[in-house]
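Structure record follows, encoded as structure tokens.
The values are calculated or read from the model by the stated rules, or taken from the named source; none is laboratory data. In this text, all values refer to a predicted model and were calculated from it rather than measured experimentally. For neighbour counting, all protein chains shown are included, and Cβ atoms are generated from backbone atoms with ideal geometry for every residue, glycine included. Ligands, DNA and RNA are excluded from the accessible area calculation, which covers all protein heavy atoms including side chains. Shrake-Rupley method; radii C 1.70, N 1.55, O 1.52, S 1.80 Å.
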Amino acid sequence: MPKMKTSKSAAKRFKKTGSGKLKRNKAYKSHILTKKSTKRKRNLRKSAITDATNVKNMKKIMPYL
């Protein structure tokens, strides 16, 4: 059986935490920032935990994470 390939785009976007959960960055922080409040932009800087409904698919595309 050949080795499974990791999705490189996903590997750059997700990191594994110590407890095994997947950490991700929030979206909507790249452009059109003038209409967004300072508080909203500050909260977008923080990382978030990937939702449990997506974890199964993420582990499939990143088998060696």
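Below are the figures for this structure:
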item: Rounded percent of accessible protein surface that carbon and sulfur make up, the chain, 1.4 Å probe; result: 54
item: Mean shadow area of the chain over all directions, Cα convex hull, nm²; result: 5.7
item: For the chain, calculated [θ]222 nm from helices alone, where every DSSP H run of n ≥ 4 adds -39500 (n - 2.57); result: -10000 deg cm²/dmol
item: Rel. contact order, % - alpha carbon contacts under 8 angstrom, at least six apart, the chain; result: 42
item: Additional length obtainable on full extension of the chain from Ala48 to Ala11, 0.36 nm per residue less Cα span; result: 11.8 nm
item: Surface accessible to a 1.4 Å probe, per residue, for the residues of the chain, Å²; result: 89
item: Given charges at beta-carbon only (K, R positive; D, E negative), |dipole| of the chain in Debye; result: 320
item: Listed residues Ala27, Ala48, Ala11, most fluctuating in the chain (Gaussian network, C-alpha, under 10 Å); result: Ala27
